[in-house]
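For reference, the structure discussed in these notes is given below.
The values are calculated or read from the model by the stated rules, or taken from the named source; none is laboratory data. Bear in mind the structure is a predicted one, so any value in this text is a computation, not a measurement. Don't worry about glycine lacking a Cβ; one is built from the backbone with ideal geometry, like all the others, and counts go over all protein chains shown.
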Amino acid sequence: MNETSSPADDAAAGRVAPYIIRRTAAAAPLAGEWDHPAWRVANTLAVDRFHARSSEHHPRARVRQLFDAAGIYTLFQVEDRYVRSVQTDLNDPVCTDSCAEFFVQPKPDRGYLNFEINCGGTLHCSFVEDATRTPQGFRKWTPVSPELAARIRIWHSLPQVVEPEISAPTTWRVAFFVPFSFFEHYVGALGTLPGQEWRANYYKCGDRTSHPHWATWAPIEVLNFHQPDCFGPIRLEACHNG
């Protein structure tokens, strides 16, 4: 297992080292434990840059990702407190709950997708082509439809509703699988995947918990997760011959 975090020199320069998504020969078990053998081969990424407006509560959030010919597998593990989940419908504002997020831009000349999942497994997802804020949300964006959302498989370790808030130390996980066909619906054919470099960021938040906080992998300039210019590089592991 390789640990990939945020080196101090990269932080000072406002950059992060590329996160390498390892290839897997078999589908990763979404309900697996963090140290399940299938997940141990994945590189580990730390979501550990907390915005200054965060409370003193800084949960430990880590991510592992794998990919195969079908799509990308993502596993978040969060060592948390003040855990809450009350949003239960597709595209509800899950960022107000205890939430883990993966924003990704497969092609530099196209928009990005935001996969936001609260600890109860509720998904908020859209394709954002212009993140300029408007009263309706963004200047150009498309919320994912229920039909397309059904292509995403989600597993969560906590119940869908966590209310009242759990103040005691609690470790929770969410895992999800996104097929490459889902990405292609929005950005077009992806071509040969091994070796490709995409751009992304990973987040942990809890806007309306008793101890709000906002953590990122790649640094952000202001308290706004919708900043594709601040995304960091991620790479799909290349094929190796011989």
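Brief remarks on what is shown
- Looking across the range 163-172 at every residue that is in a strand (DSSP E or B) and either under 12 Å from the mean Cα position of the chain (by Cα) or of a type in the set (A, V, I, L, M, F, W, C) (or both), the one that is nearest to Phe102 (Cα to Cα) is identified as Trp172.
- So Phe177, is it modelled with pLDDT of 95 or more and either outside any loop (DSSP other than H, G, I, E, B) or farther than 18 Å from Thr74 by Cβ (or both): yes
- Counting the residues of the range 62-90 that are over 17 Å from Thr122 (Cβ atoms), among the aromatic types (Phe, Trp, Tyr) and under 16 Å from the mean Cα position of the chain (by Cα) gives 2.
- Options Val63, Val41: the member that is in contact (Cβ under 8 Å) with a residue 12 or more places away in the chain, surrounded by fewer than 17 Cβ atoms within 10 Å (Cβ to Cβ) and under 30 Å from Ala189 (Cα atoms): Val41
- Among the residues of the range 21-71, those that are farther than 20 Å from Ala100 by Cβ and among the β-branched types (Val, Ile, Thr) comprise Thr24, Val41.
- Cβ-Cβ under 7 Å pairs, at least 6 apart or on other chains, the range 139-152 side farther than 18 Å from Phe177 by Cα and surrounded by 12 or more Cβ atoms within 10 Å (Cβ to Cβ), far side at pLDDT 95 or above and among the aliphatic types (A, V, I, L, M): Trp141/Val128
- Only a single item in (1) farther than 16 Å from Val104 by Cβ; (2) under 17 Å from the mean Cα position of the chain (by Cα) is not met by Phe180, and it is number (1).
- When the range 187-222 is limited to residues that are under 17 Å from the mean Cα position of the chain (by Cα) and part of a loop (DSSP other than H, G, I, E, B), the one that is surrounded by the fewest Cβ atoms within 10 Å (Cβ to Cβ) turns out to be Asp207.
- Only residues that are within 13 Å of the chain's Cα centre (by Cα) and small (Gly, Ala, Ser) were counted across the range 99-120, and they come to 1.
- Close pairs (9 angstrom Cβ cut-off, 6 or more residues apart or separate chains): without any contact (Cβ under 8 Å) to a residue 40 or more places away in the chain and over 23 Å from Ala46 (Cβ atoms) in the range 79-94, assigned to a loop (DSSP other than H, G, I, E, B) and among the small types (Gly, Ala, Ser) anywhere: Gln87/Gly120
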